[in-house]
Amino acid sequence: MRYSRYTHELISDAQDFSVSVPLENDFKKSLAIAGSKSGRDMDKFRELNLTITPGQKTEAPVIANCGLIYECRIMYRQPLDPEGLDETIKTRFYSDEDYHVLYFGEILACYKND
Ligand SMILES: Cc1cc2nc3c(=O)[nH]c(=O)nc-3n(C[C@H](O)[C@H](O)[C@H](O)COP(=O)(O)O)c2cc1C
């Protein structure tokens with residue numbers, strides 16, 4: 001997650017997170033919007049008609065009818081260290097110094113949600 005993301009703002013204080021993987025093409029348009037618009041500027045759940053339901057093992061909600069769900073407990077956060085980065089990658093992907101923070105999660109539940 002890059003520092004600039006609203007998602008990072010939310011996850012940085014969280015104990016857990018969920019990953020909802022759409023398995024049907026129905027989500028193609030929603031994915032394109034969710035992956036390019038920020039939750040700071042719009043309520044993605046409402047505007048994309050995504051229904052959230054409680055997770056089974058975590059506080060984080062999951063997206064209903066999304067296909068495949070992972071519920072994870074955050075075990076480790078690792079901000080990317082620019083010192084160790086190859087210059088070409090730094091120039092190509094991080095010229096604005098908006099680095100990624102890596103989140104490692106233990107999978108507490110994995111199931112199909114249909
Ligand atoms: C296929 C795809 C993968 C993406 N992967 C990441 C990622 O790993 N980390 C990240 O910070 N942004 C990633 N993005 C970009 C964010 O989804 C995008 O900036 C989004 O608007 C962030 O929304 P937010 O501000 O509500 O978090 C990805 C976008 C797409 C389309």
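The values are calculated or read from the model by the stated rules, or taken from the named source; none is laboratory data. Fair warning: this is a prediction, and the values are worked out from it, not measured in the lab. Backbone-built Cβ (ideal geometry, glycine too); neighbour counts: all protein chains shown. For the accessible areas, the whole protein counts, side chains as well, though only heavy atoms, and no ligand, DNA or RNA atoms are used. Shrake-Rupley method; radii C 1.70, N 1.55, O 1.52, S 1.80 Å.
Of everything in the stretch 1-15, what is of a type in the set (Gly, Ala, Ser) and farther than 22 Å from ASP96 by Cα? Give them in sequence order.
First, the residues of the stretch 1-15 that are of a type in the set (Gly, Ala, Ser): 4, 12, 14.
Result: ALA14, single match.
The set of residues in the stretch 57-108 that are open to solvent by less than 70 Å² (accessible area, probe 1.4 Å), charged (D, E, K, R) and closer than 20 Å to ILE11 by Cβ comprises GLU71, ASP98. Of the residues making up the stretch 6-27, those that are away from the ligand (no atom under 11 Å from the Cβ) and farther than 17 Å from ILE74 by Cβ are VAL21, PRO22, LEU23, GLU24, ASN25, ASP26, PHE27. Scanning the stretch 36-55 for residues that are of a type in the set (D, E, K, R) and in a loop (DSSP other than H, G, I, E, B) returns LYS37, ARG40, ASP41, ASP43. Restricting SER30, SER20 to those that are within 14 Å of the chain's Cα centre (by Cα), closer than 23 Å to LYS112 by Cα and among the polar types (S, T, N, Q) reduces the list to SER20.
Among the residues of the stretch 1-18, the ones that are open to solvent by less than 100 Å² (accessible area, probe 1.4 Å), assigned to a loop (DSSP other than H, G, I, E, B) and hydroxyl-bearing (Ser, Thr, Tyr) come to 2 in all. Tell me the residue from LEU48, LEU80, LEU31 that is free of Cβ contacts under 8 Å to residues at least 12 places away in the same chain, of a type outside the set (Ser, Thr, Tyr) and within 13 Å of the ligand (Cβ to nearest atom), please. Only one candidate passes the filter, namely LEU31.
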